[in-house]
């Protein structure tokens, strides 16, 4: 079930869903409703998702971490030069 939750989050454009939407899809697929929250909390404990638990399912959000963006060496050097130049102008 945890893998399925991760797959659903990856398919979402914002990389997040509320619990109500996740429950709807997972119960329809045959998963037991009592295990969904347990699976989400397990993913949160492993730091695979962020979980904001609220009183209502529609207000509780499960989200994947932000995607990692790699910076190549040329861009990094450009940023460092920009920072160095900014420091002397004040």
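A short reminder: the numbers here are calculations on the coordinates, not readings from a lab. Since the structure is predicted, the reported quantities are computational estimates derived from the model, not experimental observations. A quick note on method: Cβ atoms are made from the backbone with ideal geometry, for glycine too, and the neighbour counts reach across all protein chains shown.
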> So which residues in segment 7-38 are within 13 Å of residue 58 (Cα to Cα) and under 11 Å from the mean Cα position of the chain (by Cα), if there are any at all?
Replying inline: 16, 17
> How about segment 25-37: which of its residues are in a helix (DSSP H, G or I) and either surrounded by 12 or more Cβ atoms within 10 Å (Cβ to Cβ) or touching a strand residue (DSSP E or B) at 6+ places or on another chain (Cβ under 9 Å) (or both)?
Replying inline: 25, 26, 27, 35, 36, 37
> When residues of segment 1-19 are filtered for being in contact with a helix residue (DSSP H, G or I) (Cβ under 9 Å, 6 or more places away or on another chain) and either outside any helix (DSSP H, G or I) or exposed (fewer than 14 other Cβ atoms within 10 Å of the Cβ) (or both), how many remain?
Replying inline: 6
>> Just to be sure I understand, how many residues within segment 24-35 are touching a helix residue (DSSP H, G or I) at 6+ places or on another chain (Cβ under 7 Å) and closer than 14 Å to residue 7 by Cα?
In response: 2
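Can you name every residue in segment 42-53 that is surrounded by 13 or more Cβ atoms within 10 Å (Cβ to Cβ) and either without any contact (Cβ under 8 Å) to a residue 40 or more places away in the chain or more than 10 Å from the chain's Cα centre (by Cα) (or both)? Even if it seems obvious, please write down each step before you answer.
Residues of segment 42-53 that are surrounded by 13 or more Cβ atoms within 10 Å (Cβ to Cβ), as a first pass: 42-44, 48-53.
Correct list: 42, 43, 44, 50, 51, 52, 53.
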